[in-house]
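Chemist: One structure follows; several queries about it will come next.
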Amino acid sequence: MGLLSRFLGAVFLVLLGGLLLLDRALLKANQYQATLDAQAAGLLTEAFVAQQTVVLDRVITAAEEKNGVHDTAAVRGAVQRLLTTAPGLRQAWLLGMNGRVDLDVSESSVERVLPVALIERLHATQPAGGLTIDVIPVASGHSLVTLVKPLRASTGATMGVAGLVFDGDTLRAWLARTKPGTRLTLLVMSGEDTVTFLGQPGESAQALATEYTIVRLPTGGTWRIVTTHALTTRSLRWALWTLGVAGVLFLALGLLREQRRALQVAERSAELERLYSDVKKANQAKSEFLANISHELRTPLNAIVGFVELLHDGFYGELSPRQALPVDRISASATHLRHLVDQVLDIAKIAAGRLEVHAETIVLRPFVLNVASELESLVGERDLAFSITISTSLPRVRTDPTHLRQILINLIGNAMKYTPAGQVGVRARLVDASGIPADRRVGAIRREEARNAASAIRPPRNGTWVALQVVDTGVGIAPADQERIFDEFEQVNAGPRGDSMNRGTGLGLAISRRLARLLGGEIEVESELGKGSTFTVWLPVNTADLVPEPNGDITPGGDELSA
């Protein structure tokens, strides 16, 4: 969580920095837009003034061609044509050397833009020389602009002056050709006088970007242009800031939520670890208790069994027929109890990991015969057919004989216990990873026959194995119970609780499977209700113990003993 917190903190800083940079870029973009608008307006204004100067020069040229400033029909006609062709031109005049208006042409024959008296008074106060441009305010945001220039004869002598008037509204229409979407106002000023104004009064108060530019006039003077632009992306900026801050808050809340969940998970993990530790300690204490109590129970049980044997042997005198039966029952109960204590001790040792394995190399056939001899009395009591089919050509097996003996006794005992009538058999065969018995791969037997003979045998892993099987024709086991019977204290059709001698504890198969796995093998079962069961003990075989016959085949065996 420390790394995640630092990472999310860095993400927050990056988001805030990105928002600031984006906001600043938007502001700069608007300022740049205002600058471009002011420069474009300045260029248009200079072009408009230059165009009006050209018109004035044409008026002067028309008068000079007629060699005078008198109000002749030719001069008036030429000036009249200029008024109709030049946009925004309102009035043109010619003044003689005496300061009187010799020619005055207006676009309207009814009303003069500038009265003659005003024209004479304006030029009486102006210095003589080159071109002059004046602004005459008329109304708020509305002005007239006059251009005056000397009129010279061919000899270079001054014959008078020529002037014209254009309306500031014409300049406004000219500047309105370009209007950016962010522009609020555009103001053209000559000193303190307003030449023209674009926009609505009061809009400049909302401006967020203002820019100034200077217009160079042909006279050498200057006008000033002021543009104001509103940040039309204000809503976009607010949206960006809102989304950015909301995203940061969302991430912060998510981080806090994840931190709370992580703390809860950590607390649960710590609690589970504590509970696991407690359960492990309790399980270890239980196993140690079972091991200790089982060991402690063995001592008095051995004494009971020993004294019962002394009574049987007549060490304390001959037993009467009336005493022999109780002594036999004591002996049987003590032996059964010692067997139960041994099972509990074994399961406790296996759970605690204290059961040791002492591997020895054994020959399987005589070993199984020796184990079967211990169960002859049980076979006689049950009146069952008992057979052993183990080939003498099987290789030696390296395993713990004590544990293997215990496994076989458990399996054979269970087979006889749950077979009311019929037969119980023990058989062994050598099987490789293909599932085909190795003791049947001989030249005299075709491979197809060998495959059919072992179609149901599959080893647990690759390698060569000895499949030691205990087969019975008893009651069988349902498919749903075939895995459950290997759990501790699990039994199928255990019988009445009062018959403890035959009921058992449900530990035999659990111990047998754990012992088989300790020996490097496995126990599997195949069964069908009413048709019997087959328990297979898989024992691994070392490849060094596989000694083939001189012809390269493993000699098949079919030796069988029956009881």
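The values are calculated or read from the model by the stated rules, or taken from the named source; none is laboratory data. Just so you know, these numbers come straight off a predicted model, no measurement behind them. Glycine also receives a Cβ, built like all others from the backbone with ideal geometry; neighbour counts cover every protein chain displayed.
Chemist: Any residue that is under 24 Å from residue 540 (Cβ atoms), assigned to a loop (DSSP other than H, G, I, E, B) and among the charged types (D, E, K, R) - is there at least one of those in segment 353-363?
Modeler: The answer is yes, given that some residue of segment 353-363 is under 24 Å from residue 540 (Cβ atoms), assigned to a loop (DSSP other than H, G, I, E, B) and among the charged types (D, E, K, R).
Chemist: Would you check if there is a residue in segment 62-77 being crowded, with 20+ Cβ neighbours inside 10 Å, touching a residue at least 40 places away in the same chain (Cβ under 8 Å) and within 30 Å of residue 182 (Cβ to Cβ)?
Modeler: No, the conditions are met nowhere in segment 62-77.
Chemist: Also, quick follow-up: Residues 230, 246: which one is over 30 Å from residue 214 (Cβ atoms) and surrounded by 10 or more Cβ atoms within 10 Å (Cβ to Cβ)?
Modeler: Answer to the check: 246.
Chemist: Can you tell me which residue within segment 203-217, out of those that are assigned to a loop (DSSP other than H, G, I, E, B) and either modelled with pLDDT under 65 or touching a Leu at 6+ places or on another chain (Cβ under 6 Å) (or both), is surrounded by the most Cβ atoms within 10 Å (Cβ to Cβ)?
Modeler: Once the filter is applied, the top-ranked residue is 207.
Chemist: Here's a check for you: in segment 114-165, which residue that is part of a helix (DSSP H, G or I) and not β-branched (Val, Ile, Thr) is modelled with the lowest pLDDT?
Modeler: So, considering only residues that are part of a helix (DSSP H, G or I) and not β-branched (Val, Ile, Thr), the one modelled with the lowest pLDDT is 124.
Chemist: Can I ask one more? Which residues, taken from segment 299-334, are closer than 27 Å to residue 350 by Cβ and surrounded by 15 or more Cβ atoms within 10 Å (Cβ to Cβ)?
Modeler: Correct list: 301, 304, 305, 334.
Chemist: Further question on the same structure: List the pairs whose first member sits in segment 392-420 and is under 17 Å from residue 359 (Cβ atoms), whose second member is of a type in the set (S, T, N, Q), and whose Cβ atoms are under 7 Å apart, counting only residues at least 6 apart or on separate chains?
Modeler: Here the result reads 396/361; 398/361; 398/542; 407/512, each pair linking segment 392-420 to a residue that is of a type in the set (S, T, N, Q).
Chemist: With respect to residue 346, determine if the residue is buried (at least 18 other Cβ atoms within 10 Å of the Cβ) and charged (D, E, K, R).
Modeler: Criteria met by residue 346.
Chemist: Got a number for residues in segment 427-453 being polar (S, T, N, Q) and at pLDDT below 50?
Modeler: Total meeting the criteria: 1.
Chemist: Residue 456 versus (1) surrounded by fewer than 13 Cβ atoms within 10 Å (Cβ to Cβ); (2) modelled with pLDDT of 75 or more; (3) part of a loop (DSSP other than H, G, I, E, B): which is the lone unmet condition?
Modeler: (2)
Chemist: Taking the condition within 53 Å of the chain's Cα centre (by Cα) and modelled with pLDDT of 90 or more, does residue 526 pass?
Modeler: Spelling it out, residue 526 is indeed within 53 Å of the chain's Cα centre (by Cα) and modelled with pLDDT of 90 or more.
Chemist: For the subset of segment 64-81 comprising residues that are among the small types (Gly, Ala, Ser) and at pLDDT 75 or above, which member is nearest to residue 149 (Cα to Cα)?
Modeler: 78
Chemist: Which pairs do you get when a residue that is closer than 16 Å to residue 238 by Cα, found in segment 6-29, comes within reach of a residue that is not in a helix (DSSP H, G or I), reach meaning Cβ atoms under 7 angstrom, with the pair 6+ apart or on two chains?
Modeler: That search, which allows pairs on different chains as well, returns 26/233.
Chemist: With respect to the numbered conditions (1) of a type in the set (D, E, K, R); (2) at pLDDT below 80; (3) buried (at least 19 other Cβ atoms within 10 Å of the Cβ), which one is the sole condition not fulfilled by residue 179?
Modeler: (3)
Chemist: Look through segment 1-22, keep the residues that are at pLDDT below 75 and not hydrophobic (A, V, I, L, M, F, W, C), and return whichever of them is surrounded by the fewest Cβ atoms within 10 Å (Cβ to Cβ).
Modeler: Among them, the one singled out is 2.
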